[in-house]
1. Normalising by the residue count of the chain, find the relative contact order in percent from Cα pairs under 8 Å and 6+ residues apart.
2. Let me check I have the definition right: for the range 160-211, take the eigenvalues of the Cα gyration tensor, multiply each by 5, take square roots. What are those semi-axes in whole Å, largest first?
3. Using a cut-off of 20 Å between alpha-carbon atoms, which aspartates and glutamates can reach K220, once sequence neighbours fewer than 8 places away in the same chain are excluded?
4. Quick one: Kirkwood hydrodynamic radius for the range 283-413, alpha-carbon pairs, angstrom, one decimal?
5. Amide H neighbours of R193 under 5 Å, at least 5 residues apart or on other chains, H built in the peptide plane: list them.
6. Taking trypsin sites (Lys or Arg not before Pro) as exposed when DSSP calls them loop (any state but H, G, I, E, B) and at most 10 other Cβ atoms lie within 10 Å, what is the longest stretch of the chain free of them, the sites themselves excluded?
7. Mind checking which lysines have their Cα closer than 17 Å to the Cα of K76? Skip sequence neighbours fewer than 8 apart in that chain.
8. Given the -39500 (n - 2.57) contribution per DSSP H run of 4+ residues, what per-residue ellipticity at 222 nm results for the chain, rounded to the nearest 500 deg cm²/dmol?
Amino acid sequence: MDHHDDILRSDNQDFKPLERALDRRQFFTKTSLGLGALAMSSLMGPSALLGGSAEPSQQGMMRQALGGLADLPHFKPKAKRVIYLFQSGGPSQLESFDYKPKLHDYYGQDLPDSVRKGQRLTGMSGSQSSLPIAPSLYSFDQYGESRAWVSELMPYTAKMVDDMCFIKSMYTEQINHDPAITFFQTGNQLPGRPSIGSWVSYGLGSSNDNLPTFITLVSKKGGGQPLYSRLWGNGFLPTEHQGVQFRSGKDPVLFLNNPENYDGHDRERMLSYLKQLNDIQYDTYNDPEITARIAQYEMAFRMQTSVPEVTELSDEPDYIFDLYGEESRDPGTYAANCLLGRRLLEKGVKFVQLYQRGWDHHNFLPGGMKRHCKMTDQPTAALLQDLKNRGMLEDTLVIWGGEFGRTVYSQGKLTATNYGRDHHPRCFTMWMAGAGVKPGFSYGETDDFSYNIVKDPVHVHDFHATLLHLMGVDHERLVFKHQGRRFRLTDVHGRVVSEVLG
């Protein structure tokens, strides 16, 4: 035994009095929901532990061992997993899914006061002398048995409309990017609240011990508004519920790989000693963040094997790359991230958040929309088709949408071939597909100017409530007490949009 082992043995002996100070009840209380659960899941597998045929209450008891709450799910879920394709910047509903043929009769005319109704504008267009109406340059057609209207810019998505549920009456109060994105991702316009994926992780726990419950992918092309890590942060929830960002390149997760010239053979032993130190600290301060830190160290150790396996796309067959498009061979692109998202879902990741930036077209919108639709249309449709082919779409919820819509009037000069559109929070379009939503269905209507909602408005909190409902969660009962108040994702209001449920 070398000198290094002598030191480790000596250090280990120093822990003995402290270990003996812990009575058996305290020891088993700590480990029964930690190491014991991990050992059992490694023997039985997470799916066996969750017991697909068990009642919701039984599933909740077993899920607590994998990090969820004991009383969840509240009822049988339709969706086992979610992939949220967030189109950052606010894609124009007028060039995508909200067809308004009558606008050509109003070309160049000022937006009527009877339509605007005194609603606020941003500083970017509020000082314009006129607000000239700009019909879309692109044509629309109806597709599928549902006869849904889709722009010519999205030919691949158009083929999938019979699997999609459009919500054309989304609205929000936030008119600028950062508060609007923060509101969509956390239920509040101010930073500091937990993100959707963190709430899901906190409530429902994990389906795979070797990967995080909540993973974020940010596509490398597109430019546009910055995205901050707090958008997938845990807020006031325990830190193990924060989203883990996977990046393109040789280090998908920062600081996960071993240091240079280190073979890692004693990493497990080092973590064992580190856990003992953290246990001592927990006994002293009783701070739950200490146990969260232990869980993160253990997860990082397991991810050293699982992450390279799941992020290595070269083992996919050529027909899959053909399905997603040529850019799917380039790690970090939207297409590659859609493919990686499918692989993560297959491995049991419960919530995948994919961000695509660049939809903020204040000027040169016709060209900008064309470029971004070309970048995202085929991979988005391919993801739906791929999930469907594998039998996963029936219990996977796919979501597509941005933080708000765009104005019917042109920001800046309107010409026959060019225009821009400002932010518009009063109405815009999102869609969902898969688990539990009505396929081939459109909900909500806007006026002839796509400026106001005339039927079935859906607020951001309504969207959140519906998402959680599909995962078996009552949004009013998933709460966390912080600083004397009980918080929830939907804050103080929100309803399940039952009309879109299948």
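1. Computed value for the chain: 25 percent relative contact order.
2. Values for the range 160-211, descending: 25, 21, 8 Å.
3. Answer for K220, where 20 Å is the Cα cut-off: D178, D251, E312, E326, E327, D330, D360, D377, E403, listed by chain and number.
4. Result for the range 283-413 stands at 17.7 Å.
5. none
6. Working: sites that count: K117, R120, K250.
Maximal segment without exposed cleavage sites: 251-502.
7. K350
8. Values: 15 runs with 178 residues, N = 502.
It lands at -11000 deg cm²/dmol.
Computed from the coordinates by the stated procedures, all read-outs in this text should not be read as laboratory data. Everything numeric in this text was worked out from a predicted model, so none of it was measured. Note: ideal-geometry Cβ built from the backbone for every residue, glycine included; neighbour counts use all protein chains shown.
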